[in-house]
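What follows is a set of notes on a single structure, which appears directly below.
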């Protein structure tokens with residue numbers, strides 16, 4: 001199976017060799033902490049002591065977004081300059097051998113090819129076929145690895161789709177035991193042996209032992225299958241299926257195999273995506289180009305658009321949210337190489353950065369529980385903790401799927417918010433190893449919605465304003481954001497899409513404080529929330545108790561907002577006390593009922 005110049009032993013050895021990131025000097029960590037301390041009064045003065053705090057915030061965000069665009073373009077220019085150097089090397093090949101050897105050592109560059117790992121569970125067959133087909137247009141994808149989190153009858157549809165899309169140079173392998181369980185068992189055994197011999201427990205060493213075991217196991221499976229990876233007639237598309245666990249489980253298995261396969265092929269990068277995501281011809285190449293020339297860059301992710309935006313009213317609103325909000329908010333810390341979230345549908349890794357982090361990432365514990373739903377953010381946190389840069393290629397797009405109903409949208413937002421809280425609040429050491437801008441963006445994201453929610457609830461019960469609201473400030477912020485996105489957002493909304501921009505702002509920001517508070521109160525919940533798009537999964541009904549737990553907060557929140565609006569109108573129209581109370585009660589009930597109808601009542 002090892003058909004390149006490297007022997008199987010050497011390939012396996014390199015695949016299992018971890019790179020321990022880049023040590024951040026103590027002095028730099030002290031400077032980062034000092035910057036974090038200074039960020040607190042900076043955030044306070046830009047909000048509490050500004051006449052137009054929301055407008056000022058969007059202006060600052062736009063400035064960082066433009067800086068990020070400048071930075072990633074500079075990264076690409078650095079890469080292309082190395083390409084030009086390679087051309088000079090070829091022109092001098094007939095010169096003295098000693099000069100050629102020196103030139104090669106100076107101009108060695110990473111190959112811009114990647115292994116693409118696409119994972120999923122019980123995906124809609126048509127959508128999965130479109131996702132797999134999209135990789136055929138990418139010249140950067142040298143090997144495609146599909147991971148299926150399930151091996152029961154209902155999971156065969158995805159295998160059939162894989163075989164239909166890639167009938168040649170492909171294979172399907174049944175993994176006897178999920179590699180995550182293997183790693184956990186080997187790690188526990190290594191720690192137990194140390195305890196038995198009264199030796200100090202080195203968890204990093206135990207992680208390395210578990211990782212190396214998984215690497216060797218993956219290599220042995222590939223050898224047994226005789227796939228001839230790297231040969232002209234060898235396998236270039238591989239499907240792995242294993243017993244159903246969760247997304248993190250299939251990701252771990254797929255990543256281990258990717259390390260081995262990439263090492264066989266001499267590839268340095270991994271593209272990671274989901275079974276509902278469609279890539280464009282330049283998605284992989286331009287995302288990887290942002291980290292190819294910088295050996296300190298461990299990962300990057302692209303921007304996202306919605307491919308099912310015309311399916312329902314909710315998807316139209318969500319598409320406008322991605323256009324107007326997510327493009328801007330994700331760019332703030334990214335300009336310093338500290339993007340705090342590599343999106344699951346569109347992530348690139350330098351494989352040298354993965355070896356050390358996979359086992360601790362998979363076995364993450366928070367609040368006394370194993371975590372399985374914050375896979376993308378925790379991967380990013382592990383990279384940042386080890387000194388790797390994480391970039392955001394905001395001018396590159398990948399098309400992903402979005403929930404089609406209000407209930408599913410809210411569940412997704414809560415799940416993402418829980419992961420954000422866990423990574424932002426429970427890993428403070430990351431702020432010492434990262435630029436202070438990461439802390440600044442965290443503070444703004446974590447405290448802003450919480451203050452807003454508390455202020456609204458406080459006003460409903462006390463009639464006292466904790467935060468001064470300015471309609472002029474809000475309108476100015478919307479105007480500035482929309483104008484900027486129209487001219488600079490790589491996703492060019494036109495025609496009817498623009499009509500959804502203003503409604504999408506209400507759609508996103510009205511439930512945001514409630515999503516923020518509820519997700520913070522339920523950080524330990526580890527349910528996925530939404531089901532997959534396969535018909536059998538969509539047909540399953542959830543219990544009333546589960547529905548209230550997952551979306552009942554929205555019903556309560558909308559009732560609170562209804563009461564606040566009624567109170568404002570009561571004051572404006574000079575109603576007496578009992579009239580205002582009646583208006584508040586009626587408005588609260590009516591708005592709560594409407595929220596119930598579009599969430600719990602729609603199930």
If you scan segment 445-467, which residues turn out to be touching a residue at least 24 places away in the same chain (Cβ under 8 Å) and over 26 Å from residue 425 (Cβ atoms)? 459, 460, 463
Considering only segment 216-259, state which residues are more than 29 Å from residue 153 (Cα to Cα) and assigned to a helix (DSSP H, G or I). 216, 259
Suppose the filter is under 26 Å from residue 491 (Cα atoms) and surrounded by 21 or more Cβ atoms within 10 Å (Cβ to Cβ); does residue 353 pass it? no
Kindly indicate whether residue 183 is closer than 23 Å to residue 263 by Cβ and in a helix (DSSP H, G or I). yes
Can you report the number of residues in segment 195-230 which are without any contact (Cβ under 8 Å) to a residue 12 or more places away in the chain and over 33 Å from the mean Cα position of the chain (by Cα)? 7
Just to be sure, is residue 349 within 25 Å of residue 205 (Cα to Cα) and part of a strand (DSSP E or B)? yes
Do we find a residue being more than 15 Å from the chain's Cα centre (by Cα), outside any helix (DSSP H, G or I) and either closer than 21 Å to residue 280 by Cα or at pLDDT 95 or above (or both) anywhere in segment 318-341? no
Given the structure, is residue 401 more than 27 Å from residue 208 (Cα to Cα), surrounded by fewer than 21 Cβ atoms within 10 Å (Cβ to Cβ), touching a residue at least 60 places away in the same chain (Cβ under 8 Å) and touching a strand residue (DSSP E or B) at 6+ places or on another chain (Cβ under 9 Å)? no
Answer yes if at least one residue in segment 128-135 is surrounded by 17 or more Cβ atoms within 10 Å (Cβ to Cβ), at positive phi and not in a strand (DSSP E or B), and no otherwise. no
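The values are calculated or read from the model by the stated rules, or taken from the named source; none is laboratory data. Just so it is clear, the structure is predicted and the values come from calculations on it, not from any experiment. Cβ coordinates were reconstructed from backbone atoms using ideal geometry, including for glycine residues, and neighbour counts include every protein chain displayed.
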